[in-house]
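A short worksheet on the structure shown next.
The values are calculated or read from the model by the stated rules, or taken from the named source; none is laboratory data. Here the structure is a predicted model, which means the values were calculated and not measured. For neighbour counting, all protein chains shown are included, and Cβ atoms are generated from backbone atoms with ideal geometry for every residue, glycine included.
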């Protein structure tokens, strides 16, 4: 006889004693959890036993529940999950009339399912957003029919690079030994910002931001002058450029955007 079964029998005897002593359900729950711990019994189980005692059934044997399947229906579980991937094990257990959430979790694992979070997206698209994106994608595909549109794109990005880039790696140690600790970088590690411009052939131009310098509209304009020189030197065969950049604040100045496009298209 297992320890779990012994505890279960003690709980049932205790519940019957508390019921006969005139304790209500809340008092009985508090007494049981004080004696055996908060996880000893759930409210639902205690209320179920009290309902049996109230109906004159003082038997302490756990009766078979109506509708409990003799064998687990994996195919039903698969269909429920494929119909709605967001159902919890508790919801699945209720729909399948299974007593234990853990049983559901075990069978999901055997069926090859794993619980994963979906990727966050910026926002839920409206029908108008979807139609607009579809139209833009269609136009871009038509532009690339001759195979040169993507090759005409020049784009850019910025990235902070740490002087000391600490990485934590796995270590082979004895089973009872602890791996050596790795110190994290400080709150304000030394770093430098790199700006990179590239196309389908590779990097066209890059530069590091000088200390105490910030990227603003004026600096970005000067940076595009230097990019223009890089294009003249490394891509003299290109007769037209489609410049693609994000809407970061220095990039988003409308007059600057028009001016930068004119500069690059003149190459």
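Do you know which residues across the range 202-211 are exposed (fewer than 11 other Cβ atoms within 10 Å of the Cβ) and either closer than 13 Å to residue 154 by Cβ or outside the structural domain of residue 241 (by TED's automatic domain parsing) (or both)? I'd like the intermediate steps shown before the answer.
If we filter the range 202-211 for residues that are exposed (fewer than 11 other Cβ atoms within 10 Å of the Cβ), which is where we start, we get 202, 210-211.
Of everything in the range 202-211, just one residue is exposed (fewer than 11 other Cβ atoms within 10 Å of the Cβ) and either closer than 13 Å to residue 154 by Cβ or outside the structural domain of residue 241 (by TED's automatic domain parsing) (or both), namely 202.
Could you figure out which of (1) modelled with pLDDT under 85; (2) more than 32 Å from the chain's Cα centre (by Cα); (3) exposed (fewer than 10 other Cβ atoms within 10 Å of the Cβ); (4) part of a loop (DSSP other than H, G, I, E, B) isn't true of residue 187?
That leaves (2) as the condition not met.
Condition first: touching a strand residue (DSSP E or B) at 6+ places or on another chain (Cβ under 6 Å) and assigned to a loop (DSSP other than H, G, I, E, B). Now tell me which residues in the range 200-240 satisfy that.
209
When you scan the range 16-60, how many residues do you find that are at pLDDT 85 or above and not in a helix (DSSP H, G or I)?
Final tally of qualifying residues: 4.
Do we find that residue 73 is without any contact (Cβ under 8 Å) to a residue 24 or more places away in the chain, under 32 Å from the mean Cα position of the chain (by Cα) and not assigned by TED's automatic domain parsing to the domain that holds residue 15 in this structure? Write out each step before concluding.
Numbers: without any contact (Cβ under 8 Å) to a residue 24 or more places away in the chain: yes; under 32 Å from the mean Cα position of the chain (by Cα): yes; not assigned by TED's automatic domain parsing to the domain that holds residue 15: yes.
Judged against the criteria, residue 73 is a match.
Can you pull out every residue in the range 120-176 that is part of a loop (DSSP other than H, G, I, E, B) and under 30 Å from residue 192 (Cα atoms)?
Step one: of the range 120-176, the residues part of a loop (DSSP other than H, G, I, E, B) are 120-126, 147-149, 163-176.
Those that are part of a loop (DSSP other than H, G, I, E, B) and under 30 Å from residue 192 (Cα atoms): 120, 121, 122, 163, 164, 165, 166, 167, 168, 169, 170.
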